[in-house]
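Just below is one structure, and these are the notes that go with it.
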Amino acid sequence: MTGPTVTTPNPSDAGSGEVVAAPFPEPPVVPISPWGYGKPQLGERIFRRLSEGSGLLIVLLIAAIGGFLAWRAAPAMARNTVNFFTFGGTWVTTDTSAMQFGILELLQVTVFVSLFALLLATPVALGVAIYLTQYAPRRMSGLLAYLVDLLAAVPSIIYGVWGLHVLAPQLRPLAGWLNTHLGHCFLFATGNASMAGGGTIFTAGIVLAVMILPIITAVTREVFVQTPQGQIEAALALGATRWEVVKTTVLPFGRSGFLSGAILGLGRALGETMALLIILRGTQEAFGWSLFDGGNTFATKIAGTTTEFDNQYKAGAYVAAGLVLFLLTFVVNALARSAVAGTRAGRPQG
């Protein structure tokens, strides 16, 4: 392949007026690297190797944790005489030759209390994020955001003690009213024994909602702040009110961030231990899909029976439950990433 040509007079044919084509010299070939034009520098190659190594290390650590849990759970699973995934009765681990344990009730309680807390926390977190980014004065916005973030710094054991001894007595009249007027619905139907102690899923869910509120609020607030100012000014120029600006620009732009924050909060709720352990141990009411029942989550079941970890088979039963919780977080994160990716793909380009 030749480059562009120009015409020049032929000196051997002087006076003839003939011209011939003289090619331009070919440009030098520069190899293209994954980092752009030219050969990558030493620092770029080192940074690339470190980045690849860090990503591989994370994958190996996660695989190692899952493999360790499966390895420790295998001996107990081999001696389990009931279906691990459908058995939801009392765990029998004293006779290690014929053990009976399953995760059905643990899974139900974990998902139920976490979704209840998420249902309470997400509307409040969304409202707080909108107010802090769009309505509050700048000085007040920073102070209020700092106070909301401080909720995440309170130890979970403090939340548990506060929920059982302070919040539960205050919620007892509301729980009684709900049980009296809405007792025909299975969500509010229960005996009076569980409500008397206050250690119910109703109390635990409210406490858990307070605990995950700062996580959802912080993520949502940071995304709302990134809304392009040009879109906001364009909406205001067209005569939109402040709420219409929020509805037409801020919420569509920050939808993926709000969803990400909600899933992070759900992941936090699924693994919460001490606060729920303190609250749910306040009643022995069996779980029956009512907010006023008791029960155990994966985390509280494992934490409340640490005295049985002196035997590999007894401990293996609870390690198996921990493995299910480990896999459950993977499923939740995978669903979250899929939902966020779909939300971003459908976001209008500004």
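Expressed as a whole percent, the accessible area of the range 100-307 that falls on carbon and sulfur atoms is 66 (1.4 Å probe). Per residue, the accessible area of the range 100-307 comes to 46 Å² when a 1.4 Å probe rolls over the protein heavy atoms.
A simple packing score, the average count of other Cβ atoms within 10 Å per residue, orders the peptides 289-298, 87-96 as 289-298, 87-96, with the highest score first. Taking θ as phi - 60° and the Karplus parameters 6.51, -1.76 and 1.60, the scalar couplings of the range 256-271 work out to 5, x, 5, 5, 4, x, 5, 5, 4, x, 5, x, 5, 5, 4, x Hz in sequence order, x denoting glycine and proline. Each residue of the range 129-136 is assigned a 3J(HN,Hα), and the resulting list reads 5, 5, 5, 5, 9, 10, 10, 5 Hz, derived from the Karplus form 6.51 cos²θ - 1.76 cosθ + 1.60 (θ = phi - 60°), x at Gly and Pro. With the convex hull drawn around the C-alpha atoms of the range 100-307, the volume per residue stands at 142 Å³. Note on V250: accessible area is roughly 0 Å² with a 1.4 Å probe, heavy atoms of protein only.
So what's the gap between the Cα centers of the range 295-336 and the range 58-73, to the nearest angstrom? Using only Cα atoms to place each centre, the spacing works out to 14 Å.
Whole-Hz Karplus values for the range 229-235 come out as 4, x, 5, 5, 5, 5, 5 Hz, taken residue by residue from phi with 6.51 cos²θ - 1.76 cosθ + 1.60 and θ = phi - 60°; glycine and proline positions read x. Amide H contacts of L291: F188, A189, each under 5 Å away and 5 or more positions distant or on a separate chain (H built 1.01 Å from N in the peptide plane; Pro and chain starts excluded).
Let me make sure I get this right: for the range 64-201, a, b and c are the square roots of the gyration tensor eigenvalues over alpha carbons, sorted descending. Under 1.5 in a/c it's rounded, otherwise prolate if a/b > b/c, else oblate. Which is it? Here the range 64-201 falls in the oblate category.
Magnitude of the Cβ-charge dipole of the range 100-307, K/R +1 and D/E -1, about the Cα centre, nearest 20 debye?
The dipole magnitude comes to about 300 debye.
The values are calculated or read from the model by the stated rules, or taken from the named source; none is laboratory data. Bear in mind the structure is a predicted one, so any value in this text is a computation, not a measurement. Glycine gets a Cβ as well: all are built from the backbone with ideal geometry, and neighbour counts include every protein chain shown. With ligands, DNA and RNA removed, areas are computed over all heavy atoms of the protein, side chains included. Shrake-Rupley method; radii C 1.70, N 1.55, O 1.52, S 1.80 Å.
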